[in-house]
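Please treat every number below as a calculation from the coordinates, not as lab data. Being a predicted model, the structure only gives us computed values, none of them experimental. Note that each Cβ is placed from the backbone with ideal geometry, even for glycine, and that neighbours are counted across all protein chains shown.
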Amino acid sequence: MQQLLVGERIVKTFGAGDEKRKVLDDVSVEINAGEFVAVMGPSGSGKSTLLFALSGMDGVDSGSIRFAGVDLAQLNDNALADMRRTSMGFVFQQPTLLKNLNILDNIMLPSLRKRRTNRAQVTAKAHMLMEKTGLAGLEKRDITQASGGQLQRVGICRALMSDPQIIFGDEPTGALNSTAANEIMALLGEIHRTGTTIMLVTHDARVAARTERVLFMLDGNIAGEYRPGAYDATRDDLKAREEGLAAWLAAMKF
Ligand SMILES: Nc1ncnc2c1ncn2[C@@H]1O[C@H](COP(=O)(O)OP(=O)(O)OP(=O)(O)O)[C@@H](O)[C@H]1O
């Protein structure tokens, strides 16, 4: 399989003097094109920091990050922002949406900010994504009137507008009840099946069990990895995957 994202010997510290803390401590990681990866680990182990570093949202002290063969350190701020906008999608625990815009406009907004935008094409694409993600009919709905699961779908549609090669998710199901979380994971599974690479930080073993590879972070490094199996798991073997992952996490003392 072809590598899409490669982090080598990443070190990242926060603070200074006595407060100085190495949050990423010589982390190396490779993500292949088309993979579905979860990052788990105790609170404060560096999961979000790793995600931010790999996506170029935050700089690192040392080490290298290559995305699609491009060393992020070689890009200036504009080129890096461009790469994030065109090739990466981001889904957070709570999507940052504008309250004075309806669902459709929230999905379209980042795409309309780009130069040389064809509004009709952007609108058609937003409608297509809303259809695919079960939001059809809610175009004009005020976002204050949408459920948590619907808002997360809006965030996912927005992330998909640029046809990203990779989607980074930081606890994308963290604010949802289990039904909505399952629906969002099913949706991410469908997106993955179309070839999009996905990397999710999650505390939820049921979420991680639906991915192909689970990285376990401890004290700023990857302490181990587990493969629940190929993604196209049936409902029947999901339970077995969850049990297998739970046993592995217990062995990792999580
Ligand atoms: N901007 C920052 N400035 C200072 N310290 C930070 C900053 N961002 C993160 N940290 C610290 O780095 C450590 C790792 O944070 P990070 O958010 O990566 O952990 P995490 O594993 O994602 O945790 P959680 O599961 O609680 O979200 C924590 O101790 C955190 O307080």
Problem - Where only C-alpha atoms are counted, convex hull volume of the range 49-145 per residue in Å³ - result: 138 Å³
Exercise for the section: Could you estimate the translational diffusion coefficient of the range 152-194 from the Stokes-Einstein equation, with Rh from the Kirkwood formula over C-alpha pairs, at 25 °C and 0.890 mPa s, in whole µm²/s? Expected result: 227 µm²/s
Exercise for the section: Taking the Cα centre of the chain as origin, work out the dipole magnitude from +1 charges on Lys and Arg Cβ and -1 charges on Asp and Glu Cβ, in debye rounded to 20. Expected result: 820 debye
Handout entry: Set of aspartates and glutamates with alpha-carbon distance to Lys99 below 16 Å, sequence-local pairs under 8 removed
Key = Glu139, Asp142
Handout entry: Proportion of all alpha-carbon pairs of the range 1-49 beyond 13 Å (%)
Key = 66 percent
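Scanning the chain for trypsin sites (Lys or Arg not before Pro) in DSSP loops with at most 11 other Cβ atoms within 10 Å, what's the longest stretch left with none?
On the way: sites that count: Lys20, Lys99, Arg113, Arg115, Arg116, Lys140, Lys253.
By the stated rule (loop sites, at most 11 other Cβ atoms within 10 Å), 141-252.
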Problem - Sequence-distant lysines (8 or more away, or on other chains) whose Cα lies within less than 19 Å of Lys253 - result: Lys47
Exercise for the section: Identify, among Ser55, Ala181, Ala136, the residue whose Cα sits farthest towards the positive end of the charge dipole of the chain, taking +1 on the Cβ of Lys and Arg and -1 on the Cβ of Asp and Glu, with the dipole about the Cα centre. Expected result: Ala136
Practice task
Between the alpha-carbon centers of the range 1-43 and the range 155-169, tell me the distance in whole angstrom.
Solution key: 21 Å
Problem - Antiparallel DSSP beta bridges within the chain, as percent of all bridges there, nearest 5 - result: 55 percent
Fill in the blank from the handout: Sorted largest first, the C-alpha extents of the range 3-251 along its principal axes in whole angstrom are 49, 48, 34
Fill in the blank from the handout: Put in order of increasing Cβ neighbours within 10 Å, starting from the fewest, Ser45, Ser178 give Ser178, Ser45
Completion exercise
Listed residues Glu225, Glu30, Glu171; largest mean-square fluctuation, Gaussian network over the chain with Cα springs below 10 Å, found at Glu30
Handout entry: Exposure proxy order (Cβ contacts within 10 Å, fewest to most) of Ser87, Ser62
Key = Ser62, Ser87
Practice task
Report, largest value first, the span of the C-alpha coordinates of the range 93-155 along each principal axis, in whole Å.
Solution key: 33, 21, 20
